[in-house]
Amino acid sequence: MKITVAGTGYVGLVTAVCMAEKGHEVNCIDINKEKIEMLKSGHSPIYENGLEELMQKNKEKLHFTLDSQEAYQDAEIIFIGVGTPEKRDGSANLKYINEVVDQISEIVQQECVVVVKSTVPIGTNDKIEKKLKSKNTKIDVVSNPEFLAQGTAVHDTLCASRIVIGAENKRAKEIMLKVYEKFDAPFVLTNRRSAEMIKYASNDFLALKISYINEIANLCEEIGANVQDVALGMGYDPRIGSKFLKAGIGYGGSCFPKDTKALHWLSNLHDHELKTVKAAIEVNEQQKLRLIKKARKKYNNFEGLTIAVLGLTFKPDTDDLREAPSLTNIPIFLEEGAKVKAWDPVGIPNFKKIYPLEIEYCNSIEETIKDADMCFIFTEWSEIVEFDLDKYSELMKRAVIYDGRNIYDNETLKNKGIHYFCIGK
Ligand code: UGA
């Protein structure tokens, strides 16, 4: 089928490449010239496992353009995968979606299904359809939220946990089933508002699960329990499940923080506040400062100390810094006059755009921890997990580790004479 994808970020580009892999002819449009040029030369502007290889493999079926006329004029299906960032009040900013919809309404004259992949507030698809139908009654709008996680996006799309299709008529439903004909996944066929809600409810539930285990972890510290054992014991219950029970320094990224706030905002608008979601947000905001609070018990402030930071991205296998704990903690170290040395296998170029000069960026973990007074771990990159523990004592001025991801074993580190502070154990 002839598919156009608007937006070449995580959602748009991964959708486009995976649709090409499944045999569709795909045209991608973006407003960013640099990105389109890079894509045309066969390179991915985002760091995502396996994506560039799949782009190469399907290069005959993938086209990239800045020209909206070319992109939309004979598309049978248009996927919208542009961002819906957070506004100051927590609501979702639909500016980019609206721009795409305006262009579609100006250009598309043919029969077409417009598929909204971006995460949008409940009711947005209805509004989009109303707008588009006012110019062209042959357009149907379908909500088809995505559930890919960064770092595993290609796998999550090709081997989807489920494909949710929110459509209001038979024709649109049938076309969507044809688009996804070669995908082997459970299908949830529903109406548009339910599909929109499935996306928010899923993300907010996972965020809630993390905030819940983080609160349990904080209590474990007080009562002498070990949150990792607690999570293990809980996770064997299939009704609970073992995933997303890793306690730590809080969730980040471009989705959970934004989607919890957006749904909470929407629930207030409908005079039906989601109190559990509100609690998840509050717990997470506090959790990001948990290690600093611990450190404050030993040090009044960080002035004059050399702090090694391992891990800058919000999670491993991505170069994305959005809502990363490093961005909450490092400014505090700097403000108090600490010297910050940092290492991350892929996140440094993006971090440099925010802090070009204030931080000493290092090429290895060894270089980062050398002569440091303390080390903060914010991301569980495998290089840090597998790092030779003896080197902390050998290289640091004082072997003091604050670990926001609970990657090491307390006893082992204690036996090596390392002062180790983590979360919930
Ligand atoms: C998340 C969801 O997992 C995807 O299903 C969804 O499609 C995506 O948002 C989206 O809406 O686009 P993502 O933000 O890429 O994906 O990353 P996750 O792997 O979910 O991690 C989010 C945050 O939670 C990370 O900061 C991670 O460190 C944290 N986390 C995760 C924990 O603190 N503990 C856990 O047990 C799991």
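The values are calculated or read from the model by the stated rules, or taken from the named source; none is laboratory data. All figures in this text were calculated on a predicted structure; none of them were measured in a lab. Backbone-built Cβ (ideal geometry, glycine too); neighbour counts: all protein chains shown. Surface accessibility is based on the protein's heavy atoms, side chains included, excluding ligands, DNA and RNA. Shrake-Rupley method; radii C 1.70, N 1.55, O 1.52, S 1.80 Å.
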Legend entry - Accessible-area value, residue 184, 1.4 Å probe, nucleic acids and ligands omitted, Å²: 140 Å²
Inset, instruction - Enter the Cα centre distance for the pair segment 184-207 and segment 78-116, rounded to the nearest angstrom. - result: 19 Å
Inset, instruction - Can you spot the aspartates and glutamates whose alpha carbon is less than 14 Å from residue 298's alpha carbon? Ignore those fewer than 8 places along the same chain. - result: 373
Legend entry - Mean separation of Cα contacts under 8 Å (6+ apart) over length of segment 2-192, as relative contact order %: 20 percent
Legend entry - Exposure of residue 43 as accessible area (Å², to 10), given a probe of 1.4 Å and all protein chains: 90 Å²
Legend entry - Solvent-accessible area per residue for the chain (1.4 angstrom probe, square angstrom): 46 Å²
Legend entry - Residues with amide H under 5 Å from that of residue 163, placed H, sequence gap 5 or more: 187, 188
Inset, instruction - With all distinct Cα pairs included, what does the Kirkwood hydrodynamic radius of segment 1-62 come out to in Å, to one decimal, could you say? - result: 11.3 Å
Legend entry - Whole-percent carbon and sulfur share, accessible surface of segment 123-275, 1.4 Å: 58 percent
Legend entry - Distant-in-sequence amide H partners of residue 306 (H built 1.01 Å from N, under 5 Å): 339, 373, 374
Inset, instruction - Pairs of Cα atoms under 8 Å, at least six residues apart: use those to get the relative contact order of segment 290-421, whole percent. - result: 26 percent
Legend entry - Inter-part distance where segment 380-419 and segment 327-362 are each reduced to a Cα centre, Å: 20 Å
Inset, instruction - Using a/c under 1.5 as the rounded threshold, could you call segment 2-192 rounded, prolate or oblate? The axes a ≥ b ≥ c are square roots of the C-alpha gyration tensor eigenvalues, and prolate needs a/b larger than b/c, oblate otherwise. - result: rounded
Legend entry - Cut-off 18 Å (backbone N to label point 7 Å along Cα→Cβ of residue 149), residues of segment 40-75: 47-51
Inset, instruction - Give the long-range amide H neighbours of residue 425: residues separated by 5 or more places, or on another chain, with amide H under 5 Å away, using H modelled in the peptide plane at 1.01 Å from N. - result: 227
Inset, instruction - Filter the GluC sites (Glu not before Pro) in segment 159-235 to those in DSSP coil with at most 12 other Cβ atoms within 10 Å of their Cβ, and list the result. - result: 181
Inset, instruction - Would you tell me the accessible area of residue 409, worked out with a 1.4 angstrom probe on the heavy atoms of the protein chains, in Å² to the nearest 10? - result: 80 Å²
Inset, instruction - Over the chain, calculate the relative contact order: mean separation of alpha carbon pairs under 8 Å at least 6 apart, over the residue count, as a percent. - result: 12 percent
Inset, instruction - Sum -39500 (n - 2.57) across every DSSP H segment of at least 4 residues in the chain, then divide by the residue count to get the 222 nm mean residue ellipticity, nearest 500. - result: -12500 deg cm²/dmol
Inset, instruction - Keeping every protein chain in place, order 405, 192, 162 by accessible area at 1.4 Å, biggest value first, i.e. largest first. - result: 162, 405, 192
Inset, instruction - Mind running the shape call on segment 315-372? Use the C-alpha gyration tensor, a ≥ b ≥ c as the square roots of the eigenvalues: rounded below 1.5 for a/c, prolate if a/b tops b/c, oblate otherwise. - result: oblate
